[in-house]
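*Asks:* Encoded as C-alpha cells, here's the structure I'll be asking about.
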Amino acid sequence: MSGHSKWANIKNRKGAQDKKRSEAFTKIAKNILTAIRENGGNTNLENNNSLRTAIDRAKLASMPKENIERLLKNFEAKKDNLVSFWLEGYASGGVPLMIEVETDNKNRTLGEVKLILKNHSVSLGESGSVAYLFDRKGEIELGNKLTDDQQLEIIDLGVEDIEENYLYVRVEDMENISQLLESKNLEVVSKSIVMKSKSPIIIDNEDQVEKVVDLVEDLEDNEDVVSVFAGFTYNA
C-alpha cells in the first residue's frame, strides 16, 4: 500500500505542477493575443511594442518557441473570420459579470459559454443589462506598491484611481502614462484595457467568493473567452 500511496502522491504533485504550468501558459497566450487585438490585429514585432513585451515575458516563463509561433500563425489564419462581442449576466450573489469573447464560430462559443454558466446556475442577461455598471479603463500593473509620496506624484500624471499596485487611467492616456512611469524608474509589469466596476458588490462570505471565482476561472479556461470582469470586492 505504501508504494501505491507514494505513487499517488508523486502523480498528484506532478499533476498539480503540470496544471499550474498549463494555466500559466494559457494566461501568457491570452496576454499575447490581447497585445495583438489592442493594436488592430498587428502581429509585426517591429511596430507592436506591446506584443514584443508579451512575447519577451513568454520566453522568460519558458514558453516553448514553437508554442508562440503556432499561436501567431493560428491568429493570422483565423483573424479575417473573427468576431468580437460581449456577454452579460449576474453571478452568484448578484455579482455583475461582463464576458469578452472573440471567436471564428459564434454559435459554437455561445453554446459553450452558456453551458458553463448553466453549470454554475447563472443565466445570460440582455445586452446592456450589466454594461452600465462598468467603465472602460486602462489598467497599469506596477511591480511594487507605491509609497504615499509616489502616489501623490503620479496623480498629477493623469492617474484616476490606485488600488494597491494597479493604476487606472483613461484608455487613450495609457501608453503615454506608462512611458512616464517607466521614466521615473517604476516597473510597468503589464497594461491592458479593462471593464472596471463602478460600485462593486461587497461580499464577506468566503464560500460566496469561491463560487464567483470558480465561475470566472471556468469561463477563462475557454479559449475563445478573452477576459471576464466580475464586479465584486471581498471584505474578509
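*Asks:* Which of the numbered conditions does SER227 fail, given that it passes all the others? Conditions: (1) assigned to a helix (DSSP H, G or I); (2) not hydrophobic (A, V, I, L, M, F, W, C); (3) not assigned by TED's automatic domain parsing to the domain that holds GLN151.
*Replies:* Only one criterion in (1) assigned to a helix (DSSP H, G or I); (2) not hydrophobic (A, V, I, L, M, F, W, C); (3) not assigned by TED's automatic domain parsing to the domain that holds GLN151 is unmet by SER227, namely (1).
*Asks:* I'd like the full set of residues that are assigned to a helix (DSSP H, G or I), hydroxyl-bearing (Ser, Thr, Tyr) and touching a helix residue (DSSP H, G or I) at 6+ places or on another chain (Cβ under 7 Å), limited to the stretch 108-142. Even if it seems obvious, please write down each step before you answer.
*Replies:* Here is the first cut: in the stretch 108-142, the ones assigned to a helix (DSSP H, G or I) are 108-119, 131-133.
If we keep only those that are hydroxyl-bearing (Ser, Thr, Tyr) as well, we get 109, 132.
Matches in the stretch 108-142: none.
*Asks:* Out of all the residues in the stretch 182-221, which are farther than 15 Å from GLY89 by Cβ, outside any strand (DSSP E or B) and not acidic (Asp, Glu)?
*Replies:* Within the stretch 182-221, SER183, LYS184, ASN185, LEU186, LYS198, SER199, PRO200, ASN205, GLN208, VAL209, VAL213 qualify.
*Asks:* Evaluate the stretch 170-192: report whether one residue or more is in contact with a strand residue (DSSP E or B) (Cβ under 8 Å, 6 or more places away or on another chain) and farther than 28 Å from ILE28 by Cβ.
*Replies:* No; the residues of the stretch 170-192 include none that is in contact with a strand residue (DSSP E or B) (Cβ under 8 Å, 6 or more places away or on another chain) and farther than 28 Å from ILE28 by Cβ.
*Asks:* Among the residues of the stretch 201-210, count how many are surrounded by fewer than 16 Cβ atoms within 10 Å (Cβ to Cβ) and within 19 Å of VAL228 (Cβ to Cβ). First the steps, then the outcome.
*Replies:* Of all residues in the stretch 201-210, those surrounded by fewer than 16 Cβ atoms within 10 Å (Cβ to Cβ) come to 202, 204-207, 210.
Retained after the next criterion (residues that are within 19 Å of VAL228 (Cβ to Cβ)): 210.
Here the count works out to 1.
*Asks:* Consider only pairs whose beta carbons are under 7 Å apart and that are at least six residues apart or on different chains; among these, list those whose first residue lies in the stretch 43-54 and is touching a residue at least 40 places away in the same chain (Cβ under 8 Å) and whose second residue is part of a helix (DSSP H, G or I).
*Replies:* SER50/ALA35
*Asks:* Let me ask you something else. From the list LEU124, LEU45, pick out the single residue that is more than 30 Å from GLY231 (Cα to Cα) and not acidic (Asp, Glu). So that I can check it myself, show each step before the final result.
*Replies:* Numbers: LEU124 fails: more than 30 Å from GLY231 (Cα to Cα).
Testing whether each residue is more than 30 Å from GLY231 (Cα to Cα) and not acidic (Asp, Glu) leaves just LEU45.
*Asks:* Check LEU167 against each of (1) at pLDDT below 90; (2) of a type outside the set (Val, Ile, Thr); (3) surrounded by 15 or more Cβ atoms within 10 Å (Cβ to Cβ) and name the one condition it does not meet.
*Replies:* The number of the failed condition is (1).
*Asks:* In the set LYS145, LYS106, LYS184, LYS118, which member is outside the structural domain of THR53 (by TED's automatic domain parsing) and under 24 Å from LEU33 (Cα atoms)?
*Replies:* Details: LYS145 fails: under 24 Å from LEU33 (Cα atoms); LYS184 fails: under 24 Å from LEU33 (Cα atoms); LYS118 fails: under 24 Å from LEU33 (Cα atoms).
The conditions single out LYS106.
The values are calculated or read from the model by the stated rules, or taken from the named source; none is laboratory data. Just so it is clear, the structure is predicted and the values come from calculations on it, not from any experiment. Virtual Cβ from ideal backbone geometry, glycine too; neighbours counted across all protein chains shown.
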